[in-house]
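Bear in mind that the values in this text are calculations on the coordinates, not laboratory data. Keep in mind that this is a model prediction, so the values were computed, not measured. All Cβ positions, glycine included, derive from the backbone under ideal geometry; neighbour counts span all protein chains shown.
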Amino acid sequence: MKLILLGIQGSGKSTQGNLLSEKVKIPYLSTGHIFRNLAKEKTQLGRYIKEVMNAGYLIPDDKTLEIVLEYLGRPEYKKGYVLDGFPRTVNQAEAFIDGVDKVIYLEVSDREALWRLSYRGGDNDEVREDETVRAVRKRIELFHTFTEPVLDFYRKKKALITVNGEESIEHIHREILKELKK
Ligand code: AMP
């Protein structure tokens, strides 16, 4: 099964993605993680990605597609995946013809996400250099501009599941499983 998780930063995508991956036994993959790892490399690409991420901007579509498609071509993702954070633009969605089964949108208000992010850190997430308030605000703004149209793209394909991301972790997990009939 090929699943996609979308939501603004702080919506709980990685928490729900990991729970879901465990439950349905398919690997979890986050484009944010991929890019954060690349950003640690002392190469021209690494430095470029670090700069773009820390400013809160999106990595350009052609680079993103090249990197994500290379990952998804690996044998461990052949049977399926829970993909967190991709596609984030309609261009990416249109270029991504991999037979997605369902797209789960974790709906959280900007206010709630900002509140959560200002109290995050320490437990399951590493302290992130790209989480300055300014970068987070930029990312939320970019979500509305570029990723909301992606939700419409999948809604029209009848693949979109919208879940209230402001409930408890367990409740959201159960809702997702119910929608997926798992
Ligand atoms: P995330 O952990 O999903 O919030 O991603 C962190 C950062 O990685 C984003 O702010 C972008 O700079 C970059 N990124 C992750 N996924 C994508 C994507 N699909 N397209 C472009 N940039 C991305």
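Here are some notes:
- For region 75-171, projected area of the alpha-carbon convex hull averaged over all directions, nm²: 7.9 nm²
- Candidates per GluC sites (Glu not before Pro) in region 1-84, loop by DSSP, up to 13 other Cβ within 10 Å: 41
- Sorted fewest first by neighbouring Cβ atoms within 10 angstrom, 177, 106, 83, 151 come out as 177, 151, 106, 83.
- Summed side-chain charge close to residue 47 - residues other than residue 47 whose Cβ falls under 11 Å, Lys, Arg +1, Asp, Glu -1: +1
- Under the Debye formula (equal points on every Cα, no solvent term), log10 I(q)/I(0) of the chain at q = 0.14, 0.17 Å⁻¹: -0.76, -1.18
- Length-normalised contact order for region 1-124 - Cα pairs under 8 Å, 6+ apart - percent: 49 percent
- The string of couplings for region 30-37 from the Karplus curve (6.51, -1.76, 1.60, θ = phi - 60°) is 10, 5, x, 5, 4, 5, 5, 5 Hz, one whole number per residue in order, with x for Gly and Pro.
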